[in-house]
Amino acid sequence: MIGRFARLGSYKELFDIKELASCLAGGALALGAFILEGRPGFPAWLPLALASASVLGNGLPIVLGALRGLRERRMNVDELVSIALVASVLQGEVLSAAVVAFIMTLGALVEEAVSESARRSIQALARMTPEHATRIEDGREEIVPLGQVRPGDRLLVKPGERIPVDAEIVAGITAVDESSITGESIPRERREGDPVLAGTLNHNGVIEIRATQVGADTTLGKVIRLVTEAEAQKPRAARVVDRYARWFTPVVLACAALAWAFSGDAGRAVAVLVAGCPCALLMAAPTATVAAVGRAARAGVLIKGGQYLEEAARVQVMLFDKTGTLTKGEPRVDEVATCETLGRDELLACAAGAEQNCNHPLARAVLKAAHYARVGVRKAERVLAEIGLGVKALVGGSLVEVGSAEMNGGAAALPASLRQCLERIQERGATALVVSLDHEPVGILGVSDTVKPSAAATVERLRGLGLTHLGMLSGDHERAVNRLAADLKLDQTWAGLKPQDKLAVIEEFQKQGLRVAFVGDGVNDAPALARADMGVAMGALGTDVALETADVALTRDDISRLPFLVRLGRRSVAIIRLNIALAVSFNALAILGGGWGLLTPVWASLAHNLGSIVVVLLSASLALFRDREPA
């Protein structure tokens, strides 16, 4: 009954009006017994009967909860209240038992109602998906339950309706409010070919969409699953509380026995038992974790567990990947150099053929260049992507390699004309992709990317939060990396790294006792994301590798959320510590008051519930945490 709030995830139980009605009925019986007790003209048994009925109504569920907890061999604070109720009844203090049972039950329901507010943002996510969708089939519109929609179905979405599934627009243009998923408050224009997300709001256009992901596979479904899983992951503080909480029952029992032994007053023992229930202590970390995870989800930051909130608070070093993290990740081919044996269009055709099945931003740039040049892309076979180097594939019977100069012996192996082009591209901070045909370099593609507008401000704000090292780990060449680092005023850079090299840099910091966060795209950087104390995946929409590997995922490519994450982690840890301190203080003072006879069992139950409600309210304040620091 009361002890059910001691476990993370138990806040999924909604406030039950039937429980409240039952509790108030028991309270009314106890009040009737109090009014009639000793009154002339009423039979002596009537107050006792009313008080006994109240104890059965409000006290019996507490006792049954205690027995269930003992049978399941888990910590349950109902045991102390149960012993207090039984002791009061055996003493003949049935009315006192009725009042204590009413106050404890009402307090538990109030805690449940207050705690539920910490989950409202999470529950709101589940309500964003409409129950029905308008499906277009053979030219006819049909409203069907959402469960009947399958990938590939064509759907119609009208202005003011929420988009029911992850999809691609096949006809129409509109503005879409994506704030529920990405945290972006300004609606974004979407047109034919653009992706749209389940749960987002179609503002002002009629669009036809083709479903790509449905149900739990949509981005919204993944958000809800991640937040739900996060609630099951206890932060370090919660695990410490769990270890100490198991000693509470025997310690409080011993205090109650001592109070009885020294005073001879069983009422003092009952008061100690009631006051000693560690509900507030057990709720100190779970309620704060639920509120913080929900707040982060509203801001477009998905945190996989409470322990990563603590890591965000402790992080001292933050290292960034370059492409798609500090840059927009939308590079474009702005220079094409070929040898005399191959034309420009043929070079683009070969390169695009090898890159057509790759998801890396550089591969997309090559494919886009081929599309704009109206070059046909040939089918590729035996595609092999070498992480950190490039890609190899058979295209038209020839081996095509696209990647860094190191794939084929470095810059020294290039013909003089291509080597000069390579140096020129690198000099301006762009990325050079060497294209080889049957191991012979035949051309170079110069690819440029732009820095994200929020990158410099984010680095400055992170430094203002006291992070000691801000650096960049990149597989790109040194000139491009150093130029970007200078623009962003990063402390350290590492260029030309392969995935294992990034691991070595992270481990070196960790050997110095520093907590490291790594921010990457979640695909090529999966090993580094896993090795860091906190891995943050960028561009997590629909990226399964990011969601599986990283500890934190951002629902849009916005590193400006990183300072918010650090600040939220620090505030969460501070709230948890304050909760624990207040809970221990409330318990200790109430136990002392009960043992000295200053608190009756009724007042002890009031003091106990006051501590619990204060803890829950403090935790719920995290739901109002600001996105930005006050100016």
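The values are calculated or read from the model by the stated rules, or taken from the named source; none is laboratory data. Predicted model only: the values in this text are computed from it and were never measured. Cβ coordinates were reconstructed from backbone atoms using ideal geometry, including for glycine residues, and neighbour counts include every protein chain displayed. With ligands, DNA and RNA removed, areas are computed over all heavy atoms of the protein, side chains included. Shrake-Rupley method; radii C 1.70, N 1.55, O 1.52, S 1.80 Å.
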Among 592-601, 163-172, how do they line up from the highest to the lowest mean number of other beta-carbon atoms within 10 Å? 163-172, 592-601
On the protein heavy atoms, probe 1.4 angstrom, tell me the percent of accessible surface of the stretch 358-514 carried by carbon and sulfur. 50
For an R0 of 35 angstrom, estimate the FRET efficiency from the Cβ-Cβ distance between Asp138 and Ile173 and round to the nearest 0.05. 0.90
Skipping prolines and chain starts, which residues have an amide H placed within reach, meaning under 5 Å, of the one on Leu399, given they are 5 or more residues away or on another chain? Asp438
Residue by residue through the stretch 191-199, which ³J(HN,Hα) values in whole Hz follow from phi under the Karplus form 6.51 cos²θ - 1.76 cosθ + 1.60 (θ = phi - 60°), with glycine and proline marked x? 9, 3, x, 7, x, 10, 10, 4, x
Three-way shape call for the stretch 407-527 based on the alpha-carbon gyration tensor, with the a/c threshold at 1.5: prolate
So, by mean Cβ neighbours within 10 angstrom, what's the order for 334-344, 614-624 with the highest one leading? 614-624, 334-344
Is the shape of the stretch 360-419 rounded, prolate or oblate, going by the alpha carbon gyration tensor and its root eigenvalues a ≥ b ≥ c, with a/c under 1.5 for rounded and a/b larger than b/c for prolate? prolate
Karplus (6.51, -1.76, 1.60) ³J(HN,Hα), θ = phi - 60°, over the stretch 418-435, in Hz, Gly and Pro reported as x: 6, 5, 5, 5, 4, 5, 5, 5, 5, 4, 8, x, 8, 9, 9, 9, 8, 9
Measure off 7 Å from each Cα along the Cα-to-Cβ vector at Lys328 and Ala28, then give the distance between these two points in nanometres to one decimal. 6.7
Rounded, prolate or oblate: which fits the stretch 395-471, taking a ≥ b ≥ c as square roots of the Cα gyration tensor eigenvalues, rounded meaning a/c under 1.5, else prolate when a/b beats b/c? prolate
Length gained when the stretch Arg344-Ala44 is fully extended (0.36 nm per residue, less Cα-Cα span): 97.5 nm
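How large is the translational diffusion coefficient of the stretch 275-380 in µm² per second when you combine the Kirkwood radius over alpha carbon pairs with Stokes-Einstein at 37 °C and 0.692 mPa s?
Once the numbers are plugged in, D ends up at 178 µm²/s.
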In terms of modelled amide H atoms, which long-range or inter-chain residues lie less than 5 Å from the amide H of Ala175? Arg190, His203, Asn204, Gly205
Interchain or sequence-distant (5+) residues whose placed amide H lies within less than 5 Å of the amide H of Glu386 are Val391, Lys392
Summing Lys, Arg as +1 and Asp, Glu as -1, what charge do residues with Cβ under 9 Å from the Cβ of Thr134 carry, Thr134 excluded? -1
Local electrostatic count at Gly193 - Lys and Arg +1, Asp and Glu -1, tallied over other residues with Cβ under 11 Å: 0
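R0 = 30 Å: FRET efficiency of Glu478 with Asn357, Cβ-based, nearest 0.05?
0.50
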State which entries of Lys18/Lys304; Lys304/Lys368; Lys328/Lys502; Lys158/Lys322; Lys18/Lys158; Lys379/Lys489 exceed 32 angstrom in Cα-Cα distance in the structure shown. Lys18/Lys304; Lys304/Lys368; Lys158/Lys322; Lys18/Lys158; Lys379/Lys489
How large is ³J(HN,Hα), in whole Hz, for each residue of the stretch 361-369 in order, when computed from phi with the Karplus curve 6.51 cos²θ - 1.76 cosθ + 1.60 and θ = phi - 60°, using x for Gly and Pro? x, 5, 5, 5, 5, 5, 5, 5, 4
Would you mind calculating the gained length between Leu578 and Leu64 on full extension (0.36 nm times residue separation, minus the Cα-Cα distance), in nm to one decimal? 181.8 nm
